[in-house]
Amino acid sequence: MDLVSLYVDQVGANDLSRERASRHPALKIEPDIAGALTLGTGKLAVDGVVIVGEHGNYPRNEKGQTQYPRYEFFQQVVKVFRESGRSVPVFNDKHLSWNWEWARKMYDTSRQLGFPILAGSSLPVTWRTPSVEMPAGARITEALCVCYGGVDSYDFHGLETVQCMVERRRGGETGVEWIQAYRGDKFWQALHDGVWPKTLMDAALCRSHTLVPARAGFTQVFPSADDMRRLVKDPVAYRYRHADGLQCTVLLMNGLLRDFNFAAFVNGRSEPFSTQMYLPMPDGRTTLADFFSPQVNHCEAMFLSRRAPYPVERTLLTTGLTAAGVESLFRGQTRYQTPHLHIPYQAPKESTFWRT
């Protein structure tokens, strides 16, 4: 499989594309998306398309959403498809769009033109510690992810962490009825009031490899609520309810940890089911961000088979949840009804995460 062409929207000081092209003469950098897809022939001349729209300097709106041009790139790709009378599989990195209506249009267009589309985060497909899968048909009453990062960015990763597990529950995915965000003092009050299960929160934290010590030195003291409040300056929570009654929570706790940890109550057991989605982060010197390898593997499989290995409906739902969480924050941390997120689907029987 060859990477034959690139379109790069912005070329910054840390750009990699020019250096790569200098080492691989067969790789052409084109001035526009149509050129990258047609290779000078006037018609679609590639077997697959990758859209990565999260780098560069793009405007932010009043809600704090960065307006990355994923939808605009997708529209230009589809224009070539229509003019060529055929289409090929498309991979869209991360969520489909910051704008829900545009995300839905991307999904609907792929169905109308009949091409497979894959999207989403590396979290569902990376390694897990322990290496476990949610049992197919499990009864799940509560699920939770504790992670880190910002709003309209890593919150999407946390939502994907939860969704790739709970979509395997009995009856499949049913969609989400509402979401409510909590931030700052409202977060700490919600924790105090038991809005989400502290048992699940603790179980998820116990899977972390990066938990900041609650005391100085080499200690094993588990952080108390007061410790967390001292360490985490701007916590954010999303609490949401699925149509079948399942309730889920994503906690962004910068300063406490730097990984993605999942826990759930499964099949009536009091002991939580838990794991970490393991991302071996590069340290800038000796290690690589190898968690991209599982995602690239699935992209290649789709390009060869013309079949998405897992449903894009997952990413459509988590895209909508990301935007809805931002909306709840923007509306004063009030509950936001989400009838537009009635997105039922069935998860694949086979597991798609990376195994050692």
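Below, the figures for the structure above:
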item: Net length gained if the chain between LEU304 and ARG111 were fully extended (0.36 nm per residue, minus Cα distance); result: 67.6 nm
item: Modelled FRET efficiency - R0 45 Å, GLU72 with CYS206, Cβ distances, 0.05 increments; result: 0.55
item: Top positive-direction residue, dipole computed over the chain with Cβ charges, set PRO31, ASN57, VAL125; result: VAL125
item: Around TYR7: net Lys/Arg minus Asp/Glu count, Cβ-Cβ under 9 Å; result: -3
item: Under-5 Å amide H pairs with GLY150, H placed in peptide plane, nonlocal only; result: ASP155
item: Cross-link partners of LYS28 among lysines (Cα-Cα below 24 Å; sequence separation of 8 or more within a chain); result: LYS43, LYS79
item: Mean separation of Cα contacts under 8 Å (6+ apart) over length of region 15-67, as relative contact order %; result: 14 percent
item: Zone residues, region 120-160, relative to ASN267, backbone N less than 11 Å from point 7 Å out along Cα-to-Cβ; result: 134-139
item: Crossing angle, helix 154-166 versus the chain [Cα axis fit, 0-90 degrees, rounded to tens]; result: 80 degrees
item: Rounded, prolate or oblate (a/c below 1.5 giving rounded, otherwise prolate when a/b exceeds b/c) for region 5-120 by Cα gyration tensor; result: oblate
item: Helix-only mean residue ellipticity at 222 nm for the chain, each DSSP H run of n ≥ 4 adding -39500 (n - 2.57), per residue, nearest 500; result: -9500 deg cm²/dmol
item: Contact order normalised by residue count of the chain, Cα under 8 Å, 6+ apart, percent; result: 23 percent
item: Order of MET281, MET165 - criterion: other Cβ atoms within 10 Å of each residue's Cβ, fewest first; result: MET281, MET165
item: Two-site FRET efficiency, ASP193 against ARG139, from Cβ-Cβ distance with R₀ of 22 Å, rounded to 0.05; result: 0.25
item: Cα-based helix-to-principal-axis angle, 292-305 vs the chain, degrees rounded to 10; result: 50 degrees
item: Over 31 Å (Cα to Cα) - which of LYS94/LYS233; LYS198/LYS233; LYS186/LYS349; LYS105/LYS233 fall in this group; result: LYS186/LYS349; LYS105/LYS233
item: Mean Cα-pair separation over length for region 127-278, i.e. relative contact order, pairs under 8 Å, 6 or more apart, %; result: 41 percent
item: Global geometry of region 169-256, whether rounded, prolate or oblate, following the gyration tensor of its Cα atoms and the 1.5 cut on a/c; result: prolate
item: Gain on full stretching of the segment that runs from ASP15 to LYS79 - 0.36 nm per residue minus C-alpha separation; result: 20.3 nm
item: Inter-label distance for VAL132 and THR352, nm, one decimal - labels placed 7 Å from Cα along Cα-to-Cβ; result: 2.3 nm
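Values quoted throughout were computed directly from the atomic coordinates according to the rules given, and no laboratory measurement underlies them. All of these numbers come straight from a predicted model, not from anything done at the bench. Quick reminder, even Gly has a Cβ in these numbers, built from the backbone with ideal geometry, and neighbours come from all protein chains shown.
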